[in-house]
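A.B. asks: Below are the structure tokens for one structure; questions will follow.
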Amino acid sequence: MRNNAYSAYVTMQKEGLTGRALEAQVLTRAANMLKECQNRWGEAGHRERFDAAIKFNQKVWTFFQAELTDSENPLPREIKENIISLSVFIDSRLIDVMINHTPDLLTAVINININIAAGLMEKPKSENVTSSMPEPGKVAVSA
């Protein structure tokens with residue numbers, strides 16, 4: 001599953017996105033897929049949209065989990081733990097949606113994806129934060 005999420009990153013890197021902007025774009029895409037699924041619930045093609053949105057979100061968050069557990073990830077431990085906790089919640093919520101097939105359950109995941117993406121688009125507030133940023137093209141799962 002990690003290879004598919006990685007492919008999404010590579011595709012977006014080819015579009016010129018790196019670092020925080022890349023992560024924000026991937027999360028925004030994941031949120032938009034879920035939102036479209038939610039808005040068009042029950043319409044023709046629903047099953048395909050639903051499956052694609054759920055799988056994409058699972059891949060993105062699985063990739064984040066893998067990156068955050070890498071011993072070379074530069075983020076502070078507390079931030080890593082918080083994002084991993086969010087990823088566990090998201091995994092659980094996506095499973096709930098698959099079991100209960102209820103569109104309202106997608107709202108929390110959509111909001112988390114959008115809010116994290118928005119935070120990633122903000123410029124870091126201190127020089128200390130920018131000095132710990134990974135090189136362009138390196139995936140660090142920023143917060």
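The values are calculated or read from the model by the stated rules, or taken from the named source; none is laboratory data. This is a predicted model, so every value here is computed, not measured. A quick note on method: Cβ atoms are made from the backbone with ideal geometry, for glycine too, and the neighbour counts reach across all protein chains shown.
A.B. asks: Name the residues in segment 69-92 that are part of a helix (DSSP H, G or I) and more than 17 Å from residue 117 (Cβ to Cβ), would you?
C.D. replies: Result: 77, 78, 80, 81, 84, 85, 88, 91, 92.
A.B. asks: Right, something else. Among all residue pairs at least 6 apart or on different chains, which show Cβ distances below 6 Å where the first residue, located in segment 22-51, is of a type in the set (D, E, K, R) and the second is surrounded by 14 or more Cβ atoms within 10 Å (Cβ to Cβ) and at pLDDT 95 or above?
C.D. replies: Correct list of pairs: 35/110; 49/37.
A.B. asks: So, one more: Return the pair list, or none, for Cβ contacts closer than 7 Å from residues in segment 59-80 that are on the phi > 0 side of the Ramachandran plot to residues that are modelled with pLDDT of 90 or more and not in a loop (DSSP other than H, G, I, E, B), at least 6 apart or on different chains.
C.D. replies: none
A.B. asks: Using beta carbons and a limit of 6 Å, which pairs, at least six apart or on different chains, have the first residue in segment 109-132 and modelled with pLDDT under 85 and the second one exposed (fewer than 13 other Cβ atoms within 10 Å of the Cβ)?
C.D. replies: From residues that are modelled with pLDDT under 85, the pairs are 124/130.
A.B. asks: Tally up the residues in segment 32-53 that are under 17 Å from residue 114 (Cβ atoms) and of a type outside the set (D, E, K, R), please.
C.D. replies: Of the residues in segment 32-53, the ones under 17 Å from residue 114 (Cβ atoms) are 32-39, 53.
In the following step, the residues that additionally are of a type outside the set (D, E, K, R) were identified as 32-34, 37-39, 53.
Residues meeting the conditions: 7.
A.B. asks: Could you tell me whether segment 23-34 includes any residue that is part of a loop (DSSP other than H, G, I, E, B) and more than 18 Å from residue 92 (Cα to Cα)?
C.D. replies: no
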